[in-house]
Structure formats: C-alpha cells, structure tokens
Amino acid sequence: MPRPKKKNFYFGETEEYAVRMFLTATTVTERSLVYNKYLYAPLNKMIDSIIRRYKLYRKNETYDDLHADVLSFLITKSDKFKPEKNKKAYSYFGTICKNYLMGQIIKDQKELNRLLSYEDMSTTIENRDDQIYYIDNDDRDNNKIFKILLRDIEMFMDENQLSENEEKLGLALVDIFNNYDEIFVHGEGNKFNKNLILLSLREMTNLTTKEIRTSLKRYKVIYEGIIDNID
C-alpha cells in the first residue's frame, strides 16, 4: 500500500496568494512588506528542507551562505512564475531551488577538476607573500550612506543633462532610497534585497537589466565618491 504524501504545513493557500500579491505589487515598498510578512519564513523553510532532504551542500561554503545564495537566486527568478497557468508557486519555487543547487554542484566539480589539473603544474606561486592581497573589514553605516546618496542623486539630477533612461533610473532610485528603512528590514537578507531592487527597477522604469546597468554608471560615480569620503 503506498505511503500517504506528507502535507505541506508551511506553504499553503495563504502563501500561494501572497506570491501573487508580491508579483502584482506596484512599488518596492509594497513588495517588500508582502515578502517580509508572508513569504520570508516559508521560503526559508522550503530552501532548508530541499538542501537537507537532497543533501545539496557545496564544498567550501557555509550553510548560511549557501541558503542566502539560493534565496537570492530564487527571488531573481520569481517574476518568471505565471499564476494564470494555474500552477502552484510552491512547485515552481521548489524546482528552481533544486535545479540551481544541482547546477552549482556540477559547476563546482568542473572547477575542482580544472584546479587539480592546474595544481599538478604548480603549487607554490599562490603561497608567495608578494602574490597575496589582503582586504580590510568594512563596517560602514549603511543608513548614513543611503541618506547622503539620496541627497546627492537629487542634486545630480537637478544639475546635469541626463538621457531618458538615466532620468527614469534616477527617479526610481530616489523612490527606493526614500523608503530604504522599510525595504532593508532583514539584515540577514541583504542579498535578497539587492535582487529585489533590481527586479523593482526593471518594473518601475521598463528598462532591461542591460539598460539599467548602463544608465547606472553615472550614479555609481556618486556612490563611489561617498564611500571614498565617508567618515
């Protein structure tokens, strides 16, 4: 006699509806609120269950980093889910997670094979002091950076001639940084929030990812100037 299937107690109809709310949200703040209230916990539980059940661990990566990486990737693919096809978001997200993890493990194995081949030729150069670069820890105040960045972006837009795409992107950035305290709710979710912002920028501006990155170059100069001079 077949064993009865286990019921899913952490991703039910409420979460399915929340996914639809997340995808149809018109602002990054609204999307962030839906995610934090309804999806943050169940998605974390889903990823945890998949990693442990299928033993999809990666060598040389902590469990927390692996979990955060999968969550980040999942969010960037969330807009590909089409509710009108009457499919379950739970099944879609689960498939995305499993395929991504297995793909990364295969990639790791290929890289390991390449490195083993390289190490057969030389094992000394990487250990030389003159070949090692050390990076100091960075403990900057993100809230302070966001406030200064918002001010400087607004000044930059007033004082410079911008392309249409740069103008669209600037207005979207101003909206995002005006609501940064609601968007960046989970400190441990920074990776998610970066991808959430990219997803929102695409929807707010109707620009492609490539167009956003091109238009972002002038604003990146502002950010780098702030970082260089921040106390």
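The values are calculated or read from the model by the stated rules, or taken from the named source; none is laboratory data. In this text the structure is predicted, and so the values were computed from the model without any measurement. When we count neighbours, we look across all protein chains shown, and the Cβ atoms used for this are built from the backbone with ideal geometry, even at glycine.
So ASP139 passes all but one of these: (1) over 30 Å from TYR17 (Cβ atoms); (2) at pLDDT 65 or above. Which condition number does it fail?
Going through the list (1) over 30 Å from TYR17 (Cβ atoms); (2) at pLDDT 65 or above, ASP139 breaks only (2).
Inside the stretch 73-89, can you point out the residues that are assigned to a helix (DSSP H, G or I) and either crowded, with 18+ Cβ neighbours inside 10 Å or not hydroxyl-bearing (Ser, Thr, Tyr) (or both)? Spell out how you get there, then give the answer.
Step one: list which residues in the stretch 73-89 are assigned to a helix (DSSP H, G or I), which gives 73-80, 83-85, 89.
Correct list: PHE73, LEU74, ILE75, LYS77, SER78, ASP79, LYS80, PRO83, GLU84, LYS85, ALA89.
Any residue in the stretch 34-52 that is more than 20 Å from MET204 (Cβ to Cβ), in contact (Cβ under 8 Å) with a residue 24 or more places away in the chain and polar (S, T, N, Q)?
yes
Can you tell which of LYS55, LYS59, LYS77 is in contact with a helix residue (DSSP H, G or I) (Cβ under 7 Å, 6 or more places away or on another chain) and either in the same structural domain as LEU171 (by TED's automatic domain parsing) or under 17 Å from CYS97 (Cα atoms) (or both)?
Details: LYS55 fails: in contact with a helix residue (DSSP H, G or I) (Cβ under 7 Å, 6 or more places away or on another chain); LYS59 fails: either in the same structural domain as LEU171 (by TED's automatic domain parsing) or under 17 Å from CYS97 (Cα atoms) (or both).
It is LYS77.
Does the stretch 159-200 hold any residues that are basic (Lys, Arg), modelled with pLDDT under 85 and touching a Ser or Thr at 6+ places or on another chain (Cβ under 7 Å), and which are they?
Kept after step one, since they are basic (Lys, Arg), are these residues of the stretch 159-200: 168, 191, 194.
Pick out the ones that are also modelled with pLDDT under 85 and you get 191, 194.
Hit for the stretch 159-200 is LYS191, nothing else.
Taking the stretch 43-70 as the search range and keeping residues that are polar (S, T, N, Q) and not in a helix (DSSP H, G or I), which one is surrounded by the most Cβ atoms within 10 Å (Cβ to Cβ)? I'd like the intermediate steps shown before the answer.
Of the residues in the stretch 43-70, the ones polar (S, T, N, Q) are 44, 49, 60, 62.
From what is left, the residues that are not in a helix (DSSP H, G or I) are 60, 62.
Working: ASN60: 7, THR62: 10.
Filtering the stretch 43-70 for residues that are polar (S, T, N, Q) and not in a helix (DSSP H, G or I), the one surrounded by the most Cβ atoms within 10 Å (Cβ to Cβ) comes out as THR62.
Being in contact with a Leu (Cβ under 9 Å, 6 or more places away or on another chain) and hydroxyl-bearing (Ser, Thr, Tyr): is that true of SER91 here? Lay out the reasoning, then the answer.
Values: in contact with a Leu (Cβ under 9 Å, 6 or more places away or on another chain): no; hydroxyl-bearing (Ser, Thr, Tyr): yes.
Criteria not met by SER91.
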